[in-house]
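Below is one structure; the comments refer to it alone.
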Amino acid sequence: MTGTRYRQVGGGPDALYGRLKAYEGRAAATAGVGKDLVNEPMIRHWCEAMGDTNPAYAGPGAIAPPTMLQAWTMGGLSGHSDRSSAYDELFGLLDGAGYTSVVATDCEQEYLRPLRPGDEITFDAVIESVSERKTTKLGTGYFITTRTDVRAAGEPAGTHRFRILRYRPAVRARGTKPGGGPEAGQDGRNLRPRPVINRDNAGFWQGVAEHKLLIQRCGQCGALRFPWLPGCNECGCQEWDTVEASGEGTVFSHVVMHHPPFPAFRTSDDAGPYAVALIELAEGVRMVSNVVGVPHGKVRTGMPVRLEFLRTDPELELPVFRGSEG
Ligand SMILES: [Zn+2]
């Protein structure tokens, strides 16, 4: 589990904190029973998912990976019937005060005894601590730590501490990301998401920089393809060159985006909803783009369009298609 960095920039004891604090030490689950005995199939799936090939976890005499400790106590979608009312009450208080968001921040485990296939798991869980109100980059809220004491065949086997932050999301300036991520514009506007450029499609974006829309052409069968791929869907050949699109096309299909509103995709000539179109190029391949110069309600299947390049911000230029009617 990855930790979440936080910083305290304010907060302190408050009335709600006193009520939350009263839940410290109360049971979150009592006399819980693991839904399965410790077993080889779950161990094998875990090791495959983690890429853990340690021989201690396979074959005769195998033990379970210690970090699986929590897995044996999980209730799954149907949950455990032994969950206490204190836990629900605590979360009800937080919900009622507006602390409705949750993020898992970290966990700590202590191992006391190896777990082996056939071990029956039992556990008790307690609300160990509730922090004072803290303000993090996500928002203001309370860290809640739950401790689960796990037993195997009646013996103490380990302890699992799980910490979450229950918070009220930070109110932030319209159109910015928390903490000001790379998508937050300097002027506060949302910028369009950046394309992921890799060695398979770098040539396409190089073409865009030169105001050319390049289509890949198979070196063996000559099939045109778009979007760019390492190999040919028709024959599998990995040799290719490019042809430059003429720029003529038609709207093959389209949708109009109404909600959720996404300011980055609004255009100056159509400030509300916008059309996302599948354009069929004259060469026969299709690409997803925007239709500009036509109100979103006037975009029609079969409408002729022509390529142009739209600079959306100082660092991004995109091929878009201008409608010829409307
Ligand atoms: Zn081919």
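Nothing in this text is a laboratory measurement; each read-out follows from the coordinates by a stated rule. All of these numbers come straight from a predicted model, not from anything done at the bench. Don't worry about glycine lacking a Cβ; one is built from the backbone with ideal geometry, like all the others, and counts go over all protein chains shown.
A few remarks follow.
- Alpha-carbon Debye profile of segment 204-326, log10 I(q)/I(0) at 0.09, 0.23 Å⁻¹: -0.27, -1.29
- Dividing the mean sequence gap of close Cα pairs (under 8 Å, 6+ apart) by how many residues the chain holds gives a relative contact order of 13 percent.
- Highest average packing first - 216-228, 54-66, Cβ atoms within 10 Å: 216-228, 54-66
- Nearest 10 degrees, 0 to 90: helix 40-50 Cα axis against the chain principal axis: 50 degrees
- Set of aspartates and glutamates near Lys212 by C-alpha distance (under 13 Å), chain-local residues within fewer than 8 positions excluded: Glu244, Glu248, Glu308, Glu317
- In sequence order, calculated HN-Hα J values of segment 215-232 (Karplus, 6.51, -1.76, 1.60; Hz; x Gly/Pro): 10, 6, 10, 4, x, 9, 9, x, 5, 8, 9, 7, x, 5, 9, x, x, 7
- The base-10 log of I(q)/I(0) for segment 82-128, evaluated at q = 0.16, 0.21 Å⁻¹, reads -0.72, -0.96 [Debye formula, identical scatterers on Cα atoms, solvent excluded].
- Sequence-separation-based contact order of segment 1-139, relative, with Cα cut under 8 Å and 6+ spacing, percent: 55 percent
- Largest-first principal axis extents of the Cα set of segment 78-158 (Å): 44, 26, 20
- Over all pairs of different C-alpha atoms in segment 115-169, the reciprocal of the mean inverse distance, the Kirkwood hydrodynamic radius, equals 12.9 Å.
- Rotationally averaged projected area of the chain (alpha carbon convex hull; nm²): 23.9 nm²
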